[in-house]
Structure formats: C-alpha cells, structure tokens
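I have placed the structure first, in the form of structure tokens, so that the comments after it can refer back to it.
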Amino acid sequence: MSVVTVQLGQCGNQVGQELFDIICSDAQEGQRKTYSVASCERFFHQTAHGDLVARALLIDMEPKVINRSMSMAAKSGRWSYGESSHFSQKQGSGNNWANGYCVHGPRHRDAVEELVRREVERCDRLAGLIAMMSVAGGTGSGVGTYVTQCLRDIYPSSFILNHLTWPYGTGEVIVQNYNSVLTLAHLYQLSDAILVHENDTVHRICSQLLNIKHISFSDVNRVIAHQLGSILQPALTADSHGAYSRNPLGELVSALACHPEYKLLSMCTIPQMASSSIAYSTFSWPGLLKHLRQMLISNTKMEEGIDWQVRPPAESGRSRSLAGGSFNTSLANLLILRGKDVYSAETGGIDDPALYTSWLSSKEAFSLWKSPVPFNKYEKSATLVSNSQALLRPLDDMVGKAWNMFASRAYIHQYIKFGISEEDFLDSFTSLEQVISSYSQLC
C-alpha cells in the first residue's frame, strides 16, 4: 500500500524533500531486497525507465522553495518529484492563517484537488495521506488546514496524518500563537493523528548531540526527517507474520490514537550523533531501551539531560494535573526497533503498566515494531512514538500566549478582514482548552 505526502508551505516542502532523500538512500542501502521493494512501493512510483518519482505534492503560495526542493531532488540522482506534482503562486499568505485558509485555499481548491486525485490514482492501494506543514506561518498553517479539510471531504475513509512543525518559543512570527491555535483546533476535527516536532527540541539535538556550530534550517529539517523516516520505513508488526507492514498509517493510528480526544503524538529517537562518530560507537539494546524508557517517563526528548530521579508513581498517587508531578503519563506508545540482533531485544520496560493510564491495559496501549535492517547508517536504533502528556506544557503555553494577545485585541483586525471572526477564535480556544483538560487528567 502506498502513502501520498502533501508538502505545504516552506517548512513542509523542506522537511518533505529531506525525508524522501533519507528514505530513498536507506531503501537502496537496505540489506534485504524485500525491505527495499516495500519501501519504494510505499513512497515512490517508477517511470517506464525505472526512475523513482516521489508520491508527493508540493504546494506553496510562492515558487522559490518548491523550485529549490525539486532541484535538490533531481540533483540527488536517486529520485525526483513529478514534473506536474506541484502548485505555486506569486504571492504568499503574509504569515496570516486567515489569508491562507479563507482566501488562498478556496481560490485554488480545484487545482490542488486535481493534483491530489492524479497522485492517488497512481497508487494500486492507498494507505493514507500525510500532510506536512508548519503551524507558525500563513501558507503552511492556513492553506495546510484548508487542504486537510478538502482531503477529509474527498477521502472520508482514508487515514490522514498531519505532521506539524512547532515554532520556536522565542518566536519566529509575531502572530504565530494565533496561527497555531487556529491550526490545531481545526485539525483536531479533521485528522486521525497529529505528529508534532518542536523546533526548540530539534535545535538542541543539533547543538548538543550533533555538535553543529552554526545551525541552519537544513540541519533542523534533516533531524526531523531522520526521525520521521525511522517511523515510516517498513517494519514487522506483531500481526504481520514475517511480512513487512502493508498499511503503515493505519497501523500507526490504530496503535496510538484510540480515542478522538487524544490525537497528539510526540517522538524521540536514539542514538543521534554526528555522522563522523557513528563508526566509532557501539550500542546495546538494553542500554538504548533503558535510556528511552527514562526519556519517556521524564519527558526528555534527547539522551543528554535525562532526569533519572523520575519514577512511576505509586497507585495511590496516579492522579496528576498540569501543575503537579514530573512523571509523564502515556495513553499509548509505539516502540520501533531497527538493526542488528533486533529479535533478541526486549522492550526495556516500556510495556510496564505503571507507565500508562489506568483505563487502558498496557497490552492494548503498547505496540512493538521491528526490522533487522539498520536505518540510516545506525547499526542499532530505537524510536518511540508516544501519545502522552509530553506536549501538554507547550500546548498550554501556546494557548496562554495567544489568549493574552486576544484579550488585548492585538492584530485581530488582520484576521477579521480575511473572514475570521472573534467567535472563530473563541471556538478554537474552547476546543484546545478541552484538549488540555483531557491530557491534564490523564491518569
């Protein structure tokens, strides 16, 4: 089954190009033919000459980033984007969600839907769609939300995963919190699951783990793409009976997003290090999984700075709130192990019932995928995708900042002139406050 990726805005297109580059390189270096074939079928279609073309659409209101992404793909010599798989205009959305959602989205709906339809029809069987976007700007967030709404209307029974890049807390755009609130509130009604990467976290990985001195957006996007690839590449599931998973999005959603009130997914991957250090490093499965478990329960996104003092609470102390306790309660977790001796690896205690909410058994809440093929040059690697309280704090902070701006009516007129009313803002705040409440009470 095949996955169609919709790359939206500057961030979505840059991350998407890095992702396909990693996936293609990893598939072609795979030690097993079945792995390579499964990966290529999932993410590429082949021309009559055998060239790999990404199952992807590139959408932006300005052509610069799309042109660069297509050029970078062609220069790789391994894969390319389709010649007619992109859509752009001459003018962007001005970092305004309302401009993207109310103006650019509806104006170009027919053209974008036709691009999607053509790409979907190239698939023998559609596993689902991934919409990749930022939440800070105007095109990625506004047009991205509108396009997701169109995808839901056209393909009501298909799985839709939204991958969101969360802005730096110090601010990239003055109205980024407005854009983020409107995006998340709408996507919560449309998407099956929302996978989030925080720029602040990825930036720290680049600095502290990869030892990059002058960090560029390309460096950040490459880390995000590496983590995404570690999820999306073929793996063996408990029910696959020795064959690589046929429906990656369906199995991801069913493993992690079992309740419509809980759709926010975070992730962490270990090890992550500078490529020059990989050849001189060795890892054991018990060591990797011990670190990964503690990263989960202490809500640490990278190996450095793990709080080893955090422990699962006693049964009598399971009730927690946003303000109390440092233990990160999980609703569901998906552990993905790749590489040498993978079948000998135990779960590292990530299936411990104490880590999960009391109303779902750990047998239902924990899923394990494995592949003996090393990923992206790492002999052993482990990825954890978690539906937990990990995003509770950044979500609450973002909503709080947006509410403070809204209370003083800052920049509201910029949204009203494009068709978003104050009532739309209030509905979005109400929706996300309910999400915050639900995750706060997860116990």
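Considering only residues of region 295-315 that are among the acidic types (Asp, Glu) and more than 18 Å from residue 353 (Cβ to Cβ), which is surrounded by the fewest Cβ atoms within 10 Å (Cβ to Cβ)?
Taking the candidates together, the pick is 304.
Of the residues that make up region 263-284, is at least one over 28 Å from residue 36 (Cα atoms) and surrounded by fewer than 17 Cβ atoms within 10 Å (Cβ to Cβ)?
Within region 263-284, not a single residue is over 28 Å from residue 36 (Cα atoms) and surrounded by fewer than 17 Cβ atoms within 10 Å (Cβ to Cβ).
Filter region 361-383 down to the residues that are within 27 Å of residue 26 (Cα to Cα) and of a type in the set (Lys, Arg), then identify the one that is modelled with the lowest pLDDT.
Among residues in region 361-383 that are within 27 Å of residue 26 (Cα to Cα) and of a type in the set (Lys, Arg), the one modelled with the lowest pLDDT is 377.
Among the numbered criteria (1) at pLDDT 95 or above; (2) out of contact with any helix residue (DSSP H, G or I) (no Cβ under 8 Å at 6 or more places or on another chain), which single criterion is violated by residue 163?
Result: residue 163 fails condition (2) only.
Picking from 359, 403, 369, which residue would you name as being surrounded by fewer than 22 Cβ atoms within 10 Å (Cβ to Cβ), more than 24 Å from residue 326 (Cα to Cα) and not β-branched (Val, Ile, Thr)? Walk me through it before giving the result.
Numbers: 359 fails: more than 24 Å from residue 326 (Cα to Cα); 369 fails: surrounded by fewer than 22 Cβ atoms within 10 Å (Cβ to Cβ).
Checking each option against the conditions leaves just 403.
Within region 214-228, can one find any residue that is among the small types (Gly, Ala, Ser), assigned to a strand (DSSP E or B) and out of contact with any His (no Cβ under 6 Å at 6 or more places or on another chain)?
no
Restricting attention to region 199-244, and to residues there that are within 21 Å of the chain's Cα centre (by Cα) and among the acidic types (Asp, Glu), which single residue is farthest from residue 55 (Cα to Cα)?
Ranking the qualifying residues of region 199-244, first place goes to 200.
Here is a check on your reading of the model: is residue 173 in the same structural domain as residue 221 (by TED's automatic domain parsing), of a type in the set (A, V, I, L, M, F, W, C) and within 25 Å of residue 392 (Cβ to Cβ)?
Taking the combined requirement at face value, the residue satisfies it.
Name the one entry in 90, 75 that is basic (Lys, Arg), surrounded by fewer than 21 Cβ atoms within 10 Å (Cβ to Cβ) and not in a helix (DSSP H, G or I).
Of 90, 75, the one residue that is basic (Lys, Arg), surrounded by fewer than 21 Cβ atoms within 10 Å (Cβ to Cβ) and not in a helix (DSSP H, G or I) is 90.
For region 182-190, check the following and say yes or no: at least one residue is assigned to a helix (DSSP H, G or I), at pLDDT below 95 and crowded, with 23+ Cβ neighbours inside 10 Å.
no
Does residue 249 count as of a type outside the set (Ser, Thr, Tyr), surrounded by 16 or more Cβ atoms within 10 Å (Cβ to Cβ) and touching a Gly at 6+ places or on another chain (Cβ under 8 Å)?
Judged against the criteria, residue 249 is a match.
Specify which of the listed residues (116, 120, 53) is outside any loop (DSSP other than H, G, I, E, B), modelled with pLDDT of 90 or more, over 30 Å from residue 338 (Cα atoms) and β-branched (Val, Ile, Thr).
After ruling out the rest, the residue left standing is 116.
Quick check: is even one residue across region 232-242 aliphatic (A, V, I, L, M), part of a loop (DSSP other than H, G, I, E, B) and touching a residue at least 12 places away in the same chain (Cβ under 8 Å)?
Yes: region 232-242 contains one or more residues that are aliphatic (A, V, I, L, M), part of a loop (DSSP other than H, G, I, E, B) and touching a residue at least 12 places away in the same chain (Cβ under 8 Å).
Tell me which residues, restricted to region 257-291, are in a helix (DSSP H, G or I) and either out of contact with any Asp or Glu (no Cβ under 9 Å at 6 or more places or on another chain) or basic (Lys, Arg) (or both).
Once the filter is applied, which keeps residues that are in a helix (DSSP H, G or I) and either out of contact with any Asp or Glu (no Cβ under 9 Å at 6 or more places or on another chain) or basic (Lys, Arg) (or both), region 257-291 yields 275, 276, 277, 287, 288, 290.
Out of 358, 386, report the one residue that is modelled with pLDDT under 95 and either assigned to a helix (DSSP H, G or I) or closer than 26 Å to residue 437 by Cα (or both).
Only one candidate passes the filter, namely 358.
The values are calculated or read from the model by the stated rules, or taken from the named source; none is laboratory data. In this text the structure is predicted, and so the values were computed from the model without any measurement. FYI the Cβ positions are ideal-geometry reconstructions off the backbone, even for glycines, and counts take in every protein chain you see.
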